[in-house]
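Where a number appears in this text, it was derived from the coordinates with a stated rule and is not lab data. Bear in mind the structure is a predicted one, so any value in this text is a computation, not a measurement. Here the Cβ is made from the backbone with ideal geometry for all residues, glycine too, and neighbour counts use every protein chain on show.
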Amino acid sequence: MKGQMKIQEMAFVLLALILLAVIAFIFFIRLQAGNIERSADLAKQQTAISLLDKIAALPEISCAKGEICIDEDKALMVERAYSSRLENQFQGLKNVKIARIYPAGPDIVLYNTGSANQTYSTFVSLCQQQASDWKCGIALLEAGF
Amino acid sequence: MARKGQEEIAGFMLIVAMVLVIGLIFLFFLSPKSPERTDLQLNNLLYAWISTNSGDKAVEQLVRECELGNCEELESAVSILQTAIDKSGMSNQIDGWSINITNTVSGQNYVYREFGNVNMTGNSRATALPVSDSIARLKVFYP
């Protein structure tokens, strides 16, 4: 009888310990969940920016000066007449535009098939070739998904 | 005798609970902070700024002039970076940022400007680009 009591007590203690460990584990997981969500958002954003870098590197709009650089003259040409030929490059996107930041100026719309659910953007150099050099400003390359 | 045993078990459970709670608090507050991460967006911004013309000269050229002793124009070119951060809406998502241009040979600090709250212990991201003999470092502090 006494032995049974001891076994019972031990079982209760073990049960309580397991419960406590489960509660602690849930608490820890909930703390970590926030971090995981933040990391997922960041990864999504970085993937979108990588895609934008690829768009900026398209030969139809990039300048020969260097990476993450858009040739303003080429971009204006795409905006005016060439946009439909880039449909394959912009597959999966709703719209692509270049918003001038410095110096200020009108946006250059490279592609537009409607309003987007989510828009990602990255900074690019918007350059224009002068007689012997490039004159550059800062712009945002925006892509709507 | 049985009462004594029960007290011992209760005491044991209390100790285990305390150890667990202390362990969790330790894990929560003393977990290693993730190292400062670089960011594609920041990298693109710094690259765009370095290539941007302030007047007739690119910022890259102003860094070279600063290495020769004339840093006034480079100092004022920081306002272009501030405009880019404000106009892009990035300033709404961050607490503060800093730009630092240092000569890698002499260690001389040409430009160091801070905007907003940069004494945060929270998340921060940074990027750096070499320009001539110097290095430009942009750091952003997130809430």
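Values as computed for the structure displayed
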| quantity | calculated |
| --- | --- |
| Ascending count of other beta-carbon atoms within 10 Å, so fewest first, for A:E79, B:E7 | B:E7, A:E79 |
| Bridge type composition, the protein assembly as shown - antiparallel percent by DSSP, nearest 5 | 90 |
| Straight-distance crosslink candidates among lysines, where the alpha carbon sits under 26 Å from A:K6 and sequence neighbours closer than 8 are dropped | B:K4 |
| Alpha carbon centroid spacing (whole Å) that separates region B:76-143 from region A:80-145 | 25 |
| Degrees between helix B:40-51 axis and first principal axis of chain B (Cα, 0 to 90, nearest 10) | 20 |
| Estimated distance in nm for a label pair at A:M77 and A:A104, the labels positioned 7 Å out from Cα along Cα-to-Cβ | 3.0 |
| Partners for B:K87 among aspartates and glutamates (Cα-Cα distance below 16 Å; same-chain residues under 8 apart left out) | A:D107, A:E142, B:D95 |
| Rounded tilt (10° steps) of B:2-30 against the dominant C-alpha axis of chain B | 0 |
| Cα-Cα over 19 Å, subset of A:K65/A:K135; A:K65/B:K139; A:K97/B:K139 | A:K65/B:K139; A:K97/B:K139 |
| Cα-based helix-to-principal-axis angle, B:72-87 vs chain B, degrees rounded to 10 | 50 |
